[in-house]
Amino acid sequence: MQYRAEKNKIRLASLSELDPVKTFECGQCFRWNADENGVYTGVARGRAARIWAEGDSVYIDADEKDVAEIWRDYFDLGRDYCAIVFSGGEYLEACARYGAGIRILRQDGWEALCSFIISQCNNIPRIKRIIETLCREFGDPISAFGETLYTFPPAERIASLEPDDLSPLRCGYRASYIIEAARAVSTGRLNLEVLADCDYDTAVRELKKLKGVGDKVANCVALYGLHNMSGFPIDVWMKRALKKHFPEDFDPRSLGPFAGLAQQYIFYYTRNGKEGMGNERL
DNA sequence: GAACAGGCAACTC
DNA sequence: GAGTTGCCTGTT
C-alpha cells in the first residue's frame with residue numbers, strides 16, 4: 001500500500017446521495033480508478049482527491065478548502081437527485097431504483113469533449129489508457145497521496161500540436177479530431193462556457209460542427225461536459241434497452257428536463273443490472 | 001489472418 | 001435519407 005496520511009477524511013454525502021462505484025463506473029468519466037479497497041483516486045479541475053464509502057457515508061480525502069469550493073460542485077451535491085422522478089413506466093422505475101446514488105458529474109467541458117472523441121469505436125480499458133497517456137505526456141504533474149498524478153492538458157496545449165505528436169497515445173485516426181477540437185476550443189471558435197448556458201439543441205448543433213463529433217459524442221459532451229441534463233447519448237447498449245422497453249417512436253424529451261439522468265439509470269441498469277450480467281466487456 | 005469494437009464521415013443509390 | 005465502407009489500434 002502507498003503511504004496514506006489520514007489527514008483529511010471529510011464526510012461528503014450519504015451513500016444514497018452519492019454512490020462512488022455507480023457514479024464512477026457508469027461510463028461518464030475515465031479518470032477515477034479504484035484500488036483494492038475500493039478507494040477511488042482521481043484528478044479533476046487540476047486537483048486530486050480520494051473518495052470511498054464506509055457504511056452509509058461517503059468520505060473524501062482532499063484539501064479542505066477544495067472540498068467546499070470544488071468537489072461539492074463537481075459531484076453536483078447542490079441538487080437533490082432523489083427529488084427527480086420520472087414517469088416512464090415500471091422499467092424506468094426499476095432502473096432508477098437500481099441506479100440510485102449515481103450523480104452526473106460536473107466535468108470540464110474540454111476534457112469531456114476530448115475524452116468522448118477518443119471513446120468512439122473503442123472499449124473502456126483502452127479509452128482509459130489513451131487518456132492517461134495524454135495526461136502523462138501533456139498534462140501537469142501534481143503530487144498527491146504519495147504519488148505523482150497528472151492533470152488533463154488544457155486545450156491550448158494540445159492545439160499547438162500536430163497529429164504525429166499524439167502518436168504515443170496510439171489513438172489512430174482520432175488524433176486529428178482531438179487536435180481540431182483543441183484548436184476550436186482554444187481559439188474560441190467553440191466556446192464551451194457559452195455553450196453550457198445554451199439550450200440543448202444549440203449545444204448539440206455547435207458540437208457536431210467539429211469533425212469526429214456526431215450525435216453520440218455530442219450528447220455525451222452536452223450531458224457530462226456541459227451538464228446539460230437534456231443530453232441523452234444513445235450507444236449500442238441504450239439502443240438495445242430502448243428497443244426492448246420503450247415504444248418505437250420514443251422521444252427522450254418526453255422524460256423532461258432531466259432526461260440525461262434517466263439515460264444514466266437505464267444505461268447502468270442495462271450494463272450492470274441483471275439484464276447485462278455476463279456481458280462485462282460489451 | 002479476419003472480424004469486430006460504447007462512432008463518424010464520405011460516399012453511394 | 002437509408003445503407004455501406006474505411007478508418008487506427010487492440011483484442012478475440
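The values are calculated or read from the model by the stated rules, or taken from the named source; none is laboratory data. Here the structure is a predicted model, which means the values were calculated and not measured. Please note: Cβ atoms are built from the backbone with ideal geometry, for glycine as well, and neighbour counts cover all protein chains shown.
Observations on the model:
- Residue match in segment A:184-201 (condition: at pLDDT 95 or above, farther than 24 Å from A:Y74 by Cβ and of a type in the set (D, E)): yes
- Scanning segment A:80-110 for residues that are in contact with a Gly (Cβ under 6 Å, 6 or more places away or on another chain) and assigned to a helix (DSSP H, G or I) gives A:Y98, A:G109.
- Residue in segment A:150-177 that is nearest to A:G46 (Cα to Cα), counting only those that are in a loop (DSSP other than H, G, I, E, B) and either in contact with a helix residue (DSSP H, G or I) (Cβ under 8 Å, 6 or more places away or on another chain) or of a type in the set (A, V, I, L, M, F, W, C) (or both): A:T151
- Pairs with Cβ under 6 Å, 6+ apart, first in segment A:19-40 and free of Cβ contacts under 8 Å to residues at least 24 places away in the same chain, second of a type in the set (K, R): A:V39/A:R50
- Residues in segment A:148-170 that are touching a strand residue (DSSP E or B) at 6+ places or on another chain (Cβ under 8 Å) and over 21 Å from A:L210 (Cα atoms): A:T148, A:L149, A:Y150, A:T151.
- Residue under evaluation A:L113, criteria (1) assigned to a helix (DSSP H, G or I); (2) within 16 Å of DNA strand C (Cβ to nearest atom), criterion not met: (2)
- Failed item in (1) surrounded by fewer than 22 Cβ atoms within 10 Å (Cβ to Cβ); (2) under 16 Å from the mean Cα position of the chain (by Cα); (3) within 16 Å of DNA strand B (Cβ to nearest atom), with A:A196 passing the rest: (3)
- Filter pass, A:G46 being touching a residue at least 40 places away in the same chain (Cβ under 8 Å), out of contact with any helix residue (DSSP H, G or I) (no Cβ under 7 Å at 6 or more places or on another chain) and at positive phi: yes
- Out of A:L226, A:L149, A:L195, sole residue that is among the hydrophobic types (A, V, I, L, M, F, W, C) and within 23 Å of A:V236 (Cα to Cα): A:L226
- Within segment A:167-188, the set of residues being surrounded by 15 or more Cβ atoms within 10 Å (Cβ to Cβ) and more than 16 Å from DNA strand B (Cβ to nearest atom) comprises A:S186 only.
- Close contacts from segment A:171-183, counting a first residue that is closer than 11 Å to A:K211 by Cα and a second that is part of a loop (DSSP other than H, G, I, E, B) and among the aliphatic types (A, V, I, L, M), with Cβ to Cβ under 8 Å and a gap of 6+ residues or different chains, come to A:Y177/A:L210; A:Y177/A:V213; A:I179/A:L161; A:E180/A:L210; A:A181/A:L190; A:A181/A:L210; A:A181/A:V213.
- Of all the numbered requirements in (1) surrounded by fewer than 17 Cβ atoms within 10 Å (Cβ to Cβ); (2) within 13 Å of DNA strand B (Cβ to nearest atom); (3) of a type outside the set (K, R), A:I102 misses one, and that requirement is (1).
- Taking the criterion of being closer than 21 Å to A:A48 by Cβ and within 16 Å of DNA strand C (Cβ to nearest atom), the residues of segment A:120-174 that qualify are A:I127, A:K128, A:R129, A:I130, A:I131, A:E132, A:T133, A:L134, A:R136, A:E137.
- One residue alone among A:R240, A:R205 is away from DNA strand C (no atom under 16 Å from the Cβ), at pLDDT below 95 and surrounded by fewer than 19 Cβ atoms within 10 Å (Cβ to Cβ), and that residue is A:R240.
- Residues (part of a loop (DSSP other than H, G, I, E, B) and of a type in the set (D, E, K, R)) located in segment A:187-236: A:R189, A:D197, A:D199, A:K208, A:K209, A:K211, A:D235
- Residues of segment A:65-95 that turn out to be touching a strand residue (DSSP E or B) at 6+ places or on another chain (Cβ under 7 Å) and at pLDDT below 95, as a count: 0
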